[in-house]
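The values are calculated or read from the model by the stated rules, or taken from the named source; none is laboratory data. What you see is a predicted model, and the numbers here were worked out from it, not measured in a lab. Neighbour counts are summed over all protein chains in view; Cβ atoms, including those assigned to glycine, are modelled from backbone coordinates with ideal geometry.
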Amino acid sequence: MENIDALKDEVAGAIDGAADLNALENIRIAELGKSGRITSLMKSLGQMAPEERKEAGQRFNALKNTVAKLIDARKIVLEEAGIDARLIEEKIDVTLPARPEIQGAIHPISQTIDEVISIFGEMGFRVAEGPDIEEDWYNFTALNIPLDHPARQEHDTFYLNAEKDGQRMVLRTHTSPVQIRTMQVQEPPIRIIVPGRTYRCDHDATHSPMFHQVEGLVIDKSTHMGHLKGCLIEFCRAFFGVDDLRVRFRPSYFPFTEPSAEVDIGCSFEGGTLKIGHGDDWLEILGSGMVNPKVLENCGLDPTVYQGFAFGVGIERIAMLKYGIPDLRTFYDSDLRWLRHYGFQSLDVPSMVGRSSLGGAS
Ligand code: DAH
């Protein structure tokens, strides 16, 4: 039995001297593991005579419990020492400069669309959308552009392969087909703007095969040309941020409007630089007109009851003018340096100056 005391002292000494958790685990395996010394003692109880077993059993158990407790206690000490050592080792140098954060920017196209929506939104317009792949009827015929109409050639249309029934879908050449889709499903009064992608087979410094437009449509019983003028003057002034911007309506032709007008804004090109709101020159920025009665009829609306006006604006064009972006093609180059230069932060507030209600200014 002295052996047991000696064994206890020996194991206690080893536990005390264990330098780290690994060494401690080795001791636990050597003593209490499957074939450890103390485990073997416990197993030897089976071969003992009953009276001997009783006393030996108590001592072995006590030894086992004592060793297990010593190991647990040492484990806590070693774990805490490990944490302390790491804390000392892993110091944070708060004087180091922070890592630069890459901040995204809003593309000028998205920013311009948001600004246009915000200005017309204030005038009571809602946003409508339509498909990029469009039926010929919506893109042309319903807009009073029949098959033999010269305007079809001007649009440089991308046609898709013919369907089984011979119909050829088109990539919409303008956002105007959404006028038709809206009038077919919505009872007037209608007051929508339609931002979206449009496509034409054309590519140079001022044309891209994919570009963006915003369409506008107002239909009601008493809408007249004065409303068209007031609304678009208001828009031009708010968008370019010039309260007294001169706006001119020049007679024009679009198959889907009658009469039609192109809208110019006052500017100067003095010294080779464009200044909006100054000088005696004019710059064309959008097309507009009173909705052609034939278009109303194509949508099932009675032109003796309803009338209205429509307009179409090129987003890239007004973005280039407002933000001084010289080449249209750069919009789609995905050049991060360009985006960092011309892009916007999410908190940049769209310009909203000098607004009043529809038809308020003239
Ligand atoms: N759809 C025309 C285009 O792409 C723009 C336009 C002009 C739209 C006059 C209109 C409008 O709604 O009334 O060139």
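Would you list the strands (runs of 3 or more DSSP E) that sit entirely within region 162-273 and hold 3 or more residues that are within 30 Å of Pro303 (Cα to Cα) and within 32 Å of the chain's Cα centre (by Cα)?
Numbers: elements: 168-171, 190-199, 210-220, 247-254, 257-268.
Where strands (runs of 3 or more DSSP E) fall fully within region 162-273 and carry at least 3 residues being within 30 Å of Pro303 (Cα to Cα) and within 32 Å of the chain's Cα centre (by Cα), they are 168-171, 190-199, 210-220.
Quick one: which of Tyr159, Tyr138 is within 13 Å of the ligand (Cβ to nearest atom) and not charged (D, E, K, R)?
On the way: Tyr159 fails: within 13 Å of the ligand (Cβ to nearest atom).
So the residue among Tyr159, Tyr138 that is within 13 Å of the ligand (Cβ to nearest atom) and not charged (D, E, K, R) is Tyr138.
If you go through region 141-156 and keep only what is more than 11 Å from the ligand (Cβ to nearest atom), within 35 Å of the chain's Cα centre (by Cα) and of a type in the set (A, V, I, L, M), you end up with just Ala142. Looking at Ala49, is it exposed (fewer than 15 other Cβ atoms within 10 Å of the Cβ) and touching a helix residue (DSSP H, G or I) at 6+ places or on another chain (Cβ under 7 Å)? No, not satisfied. The set of residues in region 246-267 that are farther than 13 Å from Glu284 by Cα and either in contact (Cβ under 8 Å) with a residue 60 or more places away in the chain or not charged (D, E, K, R) (or both) comprises Tyr253, Phe254, Pro255, Phe256, Thr257, Pro259, Ser260.
For region 135-166, a residue qualifies if it is of a type in the set (S, T, N, Q) and touching a Phe, Trp or Tyr at 6+ places or on another chain (Cβ under 9 Å), and the qualifying residues are Asn144, Thr157.
Can you find a residue that is of a type in the set (Lys, Arg), surrounded by 15 or more Cβ atoms within 10 Å (Cβ to Cβ), touching a helix residue (DSSP H, G or I) at 6+ places or on another chain (Cβ under 9 Å) and within 30 Å of Pro150 (Cα to Cα) anywhere in region 305-319? Can you show your working first?
Just the residues of region 305-319 that are of a type in the set (Lys, Arg), to begin with: 317.
Checking the rest, the ones that are also surrounded by 15 or more Cβ atoms within 10 Å (Cβ to Cβ) come to 317.
With the extra rule that they be touching a helix residue (DSSP H, G or I) at 6+ places or on another chain (Cβ under 9 Å), the set shrinks to 317.
After this cut, where a residue has to be within 30 Å of Pro150 (Cα to Cα) as well, the list is 317.
Among the residues of region 305-319, at least one is of a type in the set (Lys, Arg), surrounded by 15 or more Cβ atoms within 10 Å (Cβ to Cβ), touching a helix residue (DSSP H, G or I) at 6+ places or on another chain (Cβ under 9 Å) and within 30 Å of Pro150 (Cα to Cα), which makes the answer yes.
Checked against (1) under 25 Å from Gln307 (Cβ atoms); (2) modelled with pLDDT under 85, Arg152 passes all but condition (1). Tell me, yes or no, whether region 235-244 has at least one residue that is within 27 Å of Leu143 (Cα to Cα) and buried (at least 21 other Cβ atoms within 10 Å of the Cβ). Yes, region 235-244 has at least one match.
Checking the conditions here, which among Glu258, Glu262, Glu316 is under 19 Å from Ile113 (Cα atoms), among the charged types (D, E, K, R) and touching a strand residue (DSSP E or B) at 6+ places or on another chain (Cβ under 7 Å)? Walk me through it before giving the result.
Details: Glu258 fails: under 19 Å from Ile113 (Cα atoms); Glu262 fails: under 19 Å from Ile113 (Cα atoms).
None of the others qualify; the one that does is Glu316.
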